[in-house]
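Beneath this line is the structure, given in structure tokens, with notes to follow.
The values are calculated or read from the model by the stated rules, or taken from the named source; none is laboratory data. Everything numeric here is computed off the predicted structure, so don't read it as measured data. Backbone-built Cβ (ideal geometry, glycine too); neighbour counts: all protein chains shown.
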Amino acid sequence: MSALSRSLRRFLRKRGTTEAEIERAVDAENLALLVLDREIMPGARRYTMLELAERGGTDVETARAIWRAIGFPDVPDDRPAFRDTDVAALRAFLDTFANPWIEDWSLDRALPQARVLGASLARSADAVTDEIAASFESVHGRGVSDVVLAEGLAEVVEFDSVARLVAHVFRLQMRASLWRRLAGASPDLPGMVTASVGFVDLVGYTALVNELDPDDVAALVSRFGELTHDTVVAGGGRVVKTIGDEVMFIADSVEAAAHIAVDLTVQSLRDDLLPATRAGIASGTMVSRDGDYYGPVVNLAARLTEMARPGTVLASAEIGEALADDAHFTMRRISGRKVRDIGRVDVFRLDPSRPRRGRSVTSTP
């Protein structure tokens with residue numbers, strides 16, 4: 001039996017860890033990882049998938065479908081992989097069908113929501129884990145052993161406060177989302193929103209990353225994520241998703257979307273780490289589903305981004321006309337541009353305002 005401190009053994013045993021599991025972690029030098037594992041998810045694995053389903057009050061196929069929806073693969077039928085907390089969570093999920101808030105709620109409606117939530121939380125968990133892994137590497141690099149790190153973690157780690165923070169942030173975001181969707185929403189257009197949508201991407205990203213080492217690529221991606229998130233949020237918008245070297249955002253007003261797009265392109269030109277960005281924005285009615293947005297308006301914004309030159313913003317005609325007298329922008333109408341999969345449309349190039357006389361819109365044949 002390994003010579004570990006009593007406090008560390010007590011920490012692990014209290015959270016359902018067996019002596020065999022402790023010994024395996026010591027041999028593999030994963031003891032510090034085991035400490036985090038049992039703090040985040042305490043309790044012994046007692047139940048197979050069939051037993052989980054029985055105790056949760058459902059059939060095994062439903063239990064499997066829910067497990068897959070939150071992002072995890074099937075486990076062998078004979079493996080005890082689930083804890084009492086998993087049983088409680090399954091019961092709580094199923095209870096939403098028996099006691100819906102407003103109208104009938106079914107598994108077919110709930111599973112897509114579970115998939116979105118699972119994918120979002122998986123990405124958040126990956127981001128936090130990246131920082132923990134970097135800290136592990138730094139500590140080990142200073143010669144601290146895995147056992148010593150594990151004993152230190154057992155004294156200070158406390159996950160409940162993190163879980164409360166995540167729950168609080170979700171409450172804040174849920175409240176904001178409800179007001180966006182329901183305050184003044186038209187009952188004749190369920191699932192539709194009227195807003196402005198934009199895409200911003202890094203010009204020449206693929207060629208650039210081929211020339212960089214992994215650390216430099218990670219720094220570039222991190223900087224782009226930081227810049228886009230902070231600029232979009234500060235401008236009153238919301239980041240919808242990041243797709244490789246491209247960010248999609250949405251804003252409730254035309255003015256906010258225009259300011260965000262222009263600010264991002266200007267800041268990228270001043271940033272020593274980033275290549276230039278380009279952006280496309282459009283405004284109108286679109287489908288809102290599972291935290292994402294769809295429809296011709298979204299497609300137009302994406303195509304305008306592809307057409308934009310480095311450091312520039314292209315906007316739809318609706319946005320150009322809406323901002324015709326806005327002193328914050330200089331706009332040039334580009335008539336009859338052919339947009340892939342859409343056809344010929346009027347497009348505006350949007351630039352930050354400069355000292356000038358007369359109106360802010362000029363026409364280009």
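Going through Val233, Val209, Val197 one at a time, which residue ends up being closer than 22 Å to Ala315 by Cβ, hydrophobic (A, V, I, L, M, F, W, C) and surrounded by fewer than 21 Cβ atoms within 10 Å (Cβ to Cβ)?
Going through Val233, Val209, Val197 in turn, just one is closer than 22 Å to Ala315 by Cβ, hydrophobic (A, V, I, L, M, F, W, C) and surrounded by fewer than 21 Cβ atoms within 10 Å (Cβ to Cβ): Val233.
Sort out which residues of segment 266-281 are part of a strand (DSSP E or B) and in contact with a Lys or Arg (Cβ under 9 Å, 6 or more places away or on another chain), and write them in order of number.
Within segment 266-281, Arg278, Gly280 meet the criteria.
Residue by residue through segment 3-22, note down the ones that are of a type outside the set (A, V, I, L, M, F, W, C) and surrounded by 13 or more Cβ atoms within 10 Å (Cβ to Cβ).
If the condition is that a residue be of a type outside the set (A, V, I, L, M, F, W, C) and surrounded by 13 or more Cβ atoms within 10 Å (Cβ to Cβ), then Ser5, Arg9, Arg13, Arg15, Gly16, Thr17, Glu21 are the ones that fit.
Among the residues of segment 83-102, is there at least one that is surrounded by 14 or more Cβ atoms within 10 Å (Cβ to Cβ), part of a strand (DSSP E or B), in contact with a helix residue (DSSP H, G or I) (Cβ under 9 Å, 6 or more places away or on another chain) and modelled with pLDDT of 95 or more?
no
Could you list all residues from segment 222-250 that are under 17 Å from Val298 (Cβ atoms) and either over 17 Å from the mean Cα position of the chain (by Cα) or not small (Gly, Ala, Ser) (or both)?
Val232, Arg238, Val239, Val240, Lys241, Thr242, Ile243, Glu246, Val247, Met248, Phe249, Ile250
Every residue in segment 291-315 that is of a type in the set (Lys, Arg) and either closer than 17 Å to Tyr205 by Cα or not assigned by TED's automatic domain parsing to the domain that holds Ala257 (or both), please. Please lay out each step first, then the result.
Residues of segment 291-315 of a type in the set (Lys, Arg): 303, 309.
Within segment 291-315, just Arg309 meets the criteria.
Residue-by-condition table, conditions (1) in contact with a helix residue (DSSP H, G or I) (Cβ under 9 Å, 6 or more places away or on another chain); (2) of a type in the set (Gly, Ala, Ser); (3) under 29 Å from Ser353 (Cα atoms):
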residue	(1), (2), (3)
Gly198	yes, yes, yes
Asp201	yes, no, yes
Asp213	no, no, no
Asp216	yes, no, no
Thr231	yes, no, yes
Ala234	yes, yes, yes
Gly237	yes, yes, yes
Ala256	no, yes, yes
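With the condition kept exactly as written, say whether any residue in segment 258-265 is assigned to a strand (DSSP E or B), acidic (Asp, Glu) and closer than 20 Å to Tyr205 by Cα. Can you show your working first?
Within segment 258-265, the first condition is being assigned to a strand (DSSP E or B), and the residues that meet it are none.
No, segment 258-265 contains no residue that is assigned to a strand (DSSP E or B), acidic (Asp, Glu) and closer than 20 Å to Tyr205 by Cα.
Tally time: how many residues in segment 10-23 are part of a helix (DSSP H, G or I) and either among the small types (Gly, Ala, Ser) or not assigned by TED's automatic domain parsing to the domain that holds Glu39 (or both)?
Residues in segment 10-23 being part of a helix (DSSP H, G or I) and either among the small types (Gly, Ala, Ser) or not assigned by TED's automatic domain parsing to the domain that holds Glu39 (or both): 1 in total.
What pairs come out if I take residues in segment 122-146 that are in contact (Cβ under 8 Å) with a residue 40 or more places away in the chain and pair them with residues that are part of a loop (DSSP other than H, G, I, E, B) and surrounded by 12 or more Cβ atoms within 10 Å (Cβ to Cβ) whose C-beta lies under 8 Å away, six or more apart or interchain?
Ala122/Gly71; Asp146/Glu29; Asp146/Asn30
Could you list all residues from segment 137-159 that are out of contact with any Asp or Glu (no Cβ under 9 Å at 6 or more places or on another chain) and either in a helix (DSSP H, G or I) or not assigned by TED's automatic domain parsing to the domain that holds Glu29 (or both)?
Hits for segment 137-159 are Glu137, Ser138, Val139, Gly141, Val148, Leu149, Ala150, Glu151, Gly152, Glu155, Val156.
Would you call Val221 surrounded by 15 or more Cβ atoms within 10 Å (Cβ to Cβ) and in contact (Cβ under 8 Å) with a residue 40 or more places away in the chain? Show your work before the answer.
Values: surrounded by 15 or more Cβ atoms within 10 Å (Cβ to Cβ): yes; in contact (Cβ under 8 Å) with a residue 40 or more places away in the chain: no.
For Val221, the condition - surrounded by 15 or more Cβ atoms within 10 Å (Cβ to Cβ) and in contact (Cβ under 8 Å) with a residue 40 or more places away in the chain - is not met.
Do the conditions hold for Ala251, that is, is it buried (at least 19 other Cβ atoms within 10 Å of the Cβ), out of contact with any Leu (no Cβ under 9 Å at 6 or more places or on another chain) and either free of Cβ contacts under 8 Å to residues at least 24 places away in the same chain or closer than 26 Å to Arg344 by Cα (or both)?
Yes.
Just name the residue that is farthest from the chain's Cα centre (by Cα) out of those in segment 306-328 that are in a helix (DSSP H, G or I) and surrounded by fewer than 23 Cβ atoms within 10 Å (Cβ to Cβ).
The residue in question is Glu321.
(1) at pLDDT 90 or above; (2) surrounded by fewer than 19 Cβ atoms within 10 Å (Cβ to Cβ); (3) of a type outside the set (Gly, Ala, Ser): which one isn't true of Arg340, the others all being true?
So Arg340 meets the others, but not (1).
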